[in-house]
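The values are calculated or read from the model by the stated rules, or taken from the named source; none is laboratory data. Not measured: the values here are computed from a predicted model. Reconstructed Cβ throughout: ideal geometry from the backbone, glycine too, with neighbour counts over all protein chains shown.
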Amino acid sequence: MFILSFFFLLIMILVSVGFFTLLERKVLSYIQYRKGPNKMGYLGLFQPFSDGLKLFSKEFTWPLNSNLLIYYLCPLFSLIQSLFIWLIYPFMFNCINFNYGLLFFLVCSSLGIYGLMICGWSSNSVYSMLGCIRSISQAVSYEVSLSLILLCYFLLIGGYNFLVLSLFQFNCWFFFISLPLFFCWLSCCMAETNRSPFDFSEGESELVSGFNVEYSSGGFAFLFIAEYSSIILMSLITCMIFFGGNFYNFLFYMKLIFLCFCFIWIRSCLPRYRYDSLMYLAWKCYLPLSLNYLFFFIFLKLVFVYHFFL
């Protein structure tokens, strides 16, 4: 039954990734005063299925000097890694109750860098290698701040289980007690998922298409699905940490959709950062802020323990 539940979840993720791409194209087009996809089905609702069929039915080409086996397997590895983290999603039935869900998330998300690295290296292309190096340095820089921000809240609740977060936010969301940290977390999520204004691994104006420049057909589709799946997952985790975390409530999913919309909204409004500005932001701004908040939360926890147990 658990395998069936997880299989159903995977199908829902893949469908939601398809409709997320439709939402992105619609929002970007209306912001630019034009209409998005509207020919395929009613209001363009069948456009994701059409795009999927087109991508998987195209001819798969590969560079002559590429490392062919790794070149083939790398998009599949990225997709599996992206979907595997969804195990932390709290099922109502047949649930795996992760007492160390935070550690599972950190370990699995850090594996995503290897997918980018091997994609860029196995293509044996200058542009893909340059995009891969940039994306690795970006992901490593922001993963430090991301981990510290997560540790703040799990230190406060005294465990590593994502399900416990909703119990601590019954009366007050964590969003209200740490507003600067929320914006820091949001920009770290964008850097982690390679989205604007931090999309340096796919800087079209400089790198054509970054680490995935040599991929076409199904390989490109797998990388695309992996990226959008991780965006939806980061939105889910943001809702669980900052906005109540009550996943049995319908409003929880409305907040999740709004956060996905924010990713698109920010992409349409902000230009890409300079690369040195990105590194400066990670090491000189976000890291000190997250460390200070970590000490602040440790102090809060000590005050709480002293007040109630001594």
Item to check | Single residue of Ser290, Ser277 found to be within 22 Å of Cys152 (Cα to Cα) and among the hydroxyl-bearing types (Ser, Thr, Tyr) | outcome: Ser290
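Are any residues in the range 256-269 among the hydrophobic types (A, V, I, L, M, F, W, C) and either under 15 Å from Phe183 (Cα atoms) or within 18 Å of the chain's Cα centre (by Cα) (or both), and if so, which ones?
Step one: of the range 256-269, the residues among the hydrophobic types (A, V, I, L, M, F, W, C) are 256-266, 269.
Result: Leu256, Ile257, Phe258, Leu259, Cys260, Phe261, Cys262, Phe263, Ile264, Trp265, Ile266.
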Checklist entry - Inside the range 181-222, can you point out the residues that are surrounded by 21 or more Cβ atoms within 10 Å (Cβ to Cβ), modelled with pLDDT under 80 and of a type in the set (S, T, N, Q)? => result Asn194, Ser201, Asn212
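For (1) small (Gly, Ala, Ser); (2) outside any loop (DSSP other than H, G, I, E, B); (3) at pLDDT 85 or above, each residue gets a yes or a no:
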| site | (1), (2), (3) |
| --- | --- |
| Met92 | no, no, no |
| Asn97 | no, no, no |
| Leu116 | no, yes, no |
| Arg134 | no, yes, no |
| Phe154 | no, yes, yes |
| Gly159 | yes, no, no |
| Phe175 | no, yes, yes |
Next on the checklist: Against the conditions (1) in contact with a helix residue (DSSP H, G or I) (Cβ under 8 Å, 6 or more places away or on another chain); (2) more than 30 Å from Ile3 (Cα to Cα); (3) modelled with pLDDT of 80 or more, where does Phe104 fall short? Just the number, please.
Outcome noted: (2)
Next on the checklist: Checking the condition assigned to a helix (DSSP H, G or I) and more than 16 Å from the chain's Cα centre (by Cα), which residue from Leu163, Leu79 passes?
Outcome noted: Leu163
Checklist entry - What is the residue count in the range 20-48 for residues that are surrounded by 15 or more Cβ atoms within 10 Å (Cβ to Cβ), touching a residue at least 12 places away in the same chain (Cβ under 8 Å), assigned to a helix (DSSP H, G or I) and not acidic (Asp, Glu)? => result 11
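Being part of a helix (DSSP H, G or I) and surrounded by fewer than 14 Cβ atoms within 10 Å (Cβ to Cβ) is true for just one of Phe263, Phe304, Phe252, Phe297. Which residue is that?
On the way: Phe263 fails: surrounded by fewer than 14 Cβ atoms within 10 Å (Cβ to Cβ); Phe252 fails: surrounded by fewer than 14 Cβ atoms within 10 Å (Cβ to Cβ); Phe297 fails: surrounded by fewer than 14 Cβ atoms within 10 Å (Cβ to Cβ).
Going through Phe263, Phe304, Phe252, Phe297 in turn, just one is part of a helix (DSSP H, G or I) and surrounded by fewer than 14 Cβ atoms within 10 Å (Cβ to Cβ): Phe304.
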Next on the checklist: I need every pair where a residue in the range 143-165 that is more than 20 Å from Cys285 (Cβ to Cβ) has its Cβ under 6 Å from the Cβ of a residue that is part of a loop (DSSP other than H, G, I, E, B) and of a type in the set (S, T, N, Q), sequence separation at least 6 or different chains.
Outcome noted: Asn161/Asn99
Checklist entry - What are the pairs, 6+ residues apart or on separate chains, where a residue within the range 219-235 that is more than 15 Å from Asp51 (Cβ to Cβ) has its Cβ under 7 Å from a residue that is of a type in the set (Ser, Thr, Tyr)? => result Ala226/Ser78; Ala226/Ser82; Ser229/Ser82; Ser230/Ser82; Ser230/Thr193; Ile231/Thr193; Ile232/Ser16; Met234/Thr193
Checklist outcome for this item: Every listed condition ((1) surrounded by 14 or more Cβ atoms within 10 Å (Cβ to Cβ); (2) in contact with a Gly (Cβ under 9 Å, 6 or more places away or on another chain); (3) in a helix (DSSP H, G or I); (4) not hydroxyl-bearing (Ser, Thr, Tyr)) holds for Ile241 save (2)
Checklist entry - Quick check: anything in the range 143-152 under 16 Å from Thr238 (Cβ atoms), among the small types (Gly, Ala, Ser) and surrounded by fewer than 18 Cβ atoms within 10 Å (Cβ to Cβ)? => result yes
Item to check | Residue list for the range 270-280, filter: in contact (Cβ under 8 Å) with a residue 60 or more places away in the chain and part of a helix (DSSP H, G or I) | outcome: Tyr275, Leu278, Met279
Checklist entry - For Lys58, are the conditions met, namely being free of Cβ contacts under 8 Å to residues at least 24 places away in the same chain and of a type in the set (D, E, K, R)? => result no
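Are any of the residues in the range 231-243 within 26 Å of Leu167 (Cα to Cα), of a type in the set (S, T, N, Q) and at pLDDT 85 or above? Reasoning before the result, please.
Step one: of the range 231-243, the residues within 26 Å of Leu167 (Cα to Cα) are 231-243.
Those left that are additionally of a type in the set (S, T, N, Q): 235, 238.
From what is left, the residues that are at pLDDT 85 or above are 235, 238.
Scanning the range 231-243 turns up at least one residue that is within 26 Å of Leu167 (Cα to Cα), of a type in the set (S, T, N, Q) and at pLDDT 85 or above.
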